[in-house]
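Each remark here refers to the structure printed beneath this line.
Read-outs: derived from the displayed coordinates by stated rules, not from any lab. If you're wondering where the values come from, they're calculated on a predicted model, not measured in any experiment. Cβ coordinates were reconstructed from backbone atoms using ideal geometry, including for glycine residues, and neighbour counts include every protein chain displayed.
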Amino acid sequence: MIVQGYVDGWFPMVMDEKTTRTEWLRPYSRCLFPIEGIHVSRSLAKTIKKQKFEVRFDTAFEEVIRSCRRPDNNWINEDFIRVYTQIYKQGWGHCAECWFCENLVGGVYGIAIGGVFYAESMFHRMTDASKVALHSLVETCRERGFVLFDAQIMNPHLESLGAFEIPDEDYRGQLAQALKVHTNWSLELK
């Protein structure tokens, strides 16, 4: 069901953490990042150049997803964590992590189907940690042959990093083409 939902342009979101009610959403406009890379401000460029954080991939997936939980109005619950951790164990869930003094201080996670990376959420405990993780993840996805980096729903933070919106109809056309691509990080559709 997860695969079919994403392939059809939908994504799940827990609407009520207390009842664990999950709904499938397909917004009228889809938020994407250019596969060429996110917008890097001067201050972020300095942070990246200094290599302030050690960037790792797929070493703390469940810790990243748990760290993305908010104190209130959460759309990530235990069922969500269980399902996406299983996807990670199957090899098509991935995360980028920022570490500082052996502490996880930022990260982003998502899933990969065909040539599409579907970013789910990100967090930070130090300034720029989530941005460095996102930058590294987009760069790695491009290098691995992905053609679409889906961020689902626009917000001011994503927009400041270079995300843009396209109408659902255009998204579904790009999605159909991108799903035909295979990478060594993604679930291959039969």
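Taking Rh as the Kirkwood radius computed over C-alpha pairs, what is the Stokes-Einstein D of the chain at 20 °C in a medium of viscosity 1.002 mPa s, expressed in µm² per second?
After rounding, the answer is 128 µm²/s.
Over the chain, what is the relative contact order in percent, taking alpha-carbon pairs closer than 8 angstrom and at least six residues apart?
Worked out over the chain, it gives 29 percent.
Compute the longest continuous run of the chain that contains no exposed GluC sites (Glu not before Pro); treat a site as exposed when its DSSP state is not H, G, I, E or B and it has at most 16 other Cβ atoms within 10 Å.
103-187
What does the C-alpha gyration tensor say about the overall shape of the stretch 92-190? Classify as rounded when a/c is under 1.5, otherwise prolate if a/b is larger than b/c, or oblate.
oblate
For every helix of n ≥ 4 consecutive DSSP H residues, a contribution of -39,500 (n - 2.57) applies; sum these over the chain, divide by its total residues, and give [θ] at 222 nm rounded to the nearest 500 deg cm²/dmol.
Computed ellipticity for the chain at 222 nm equals -10000 deg cm²/dmol.
Taking a 31 Å limit on the Cα-Cα distance, which of the listed pairs 49/180; 89/131; 50/89 fall beyond it?
Over 31 Å Cα-Cα: 49/180; 50/89.
How far is it, in nm, from the label point at residue 16 to the one at residue 79 when both lie 7 Å from their Cα along the line to the Cβ?
Here the answer is 1.2 nm between the modelled labels.
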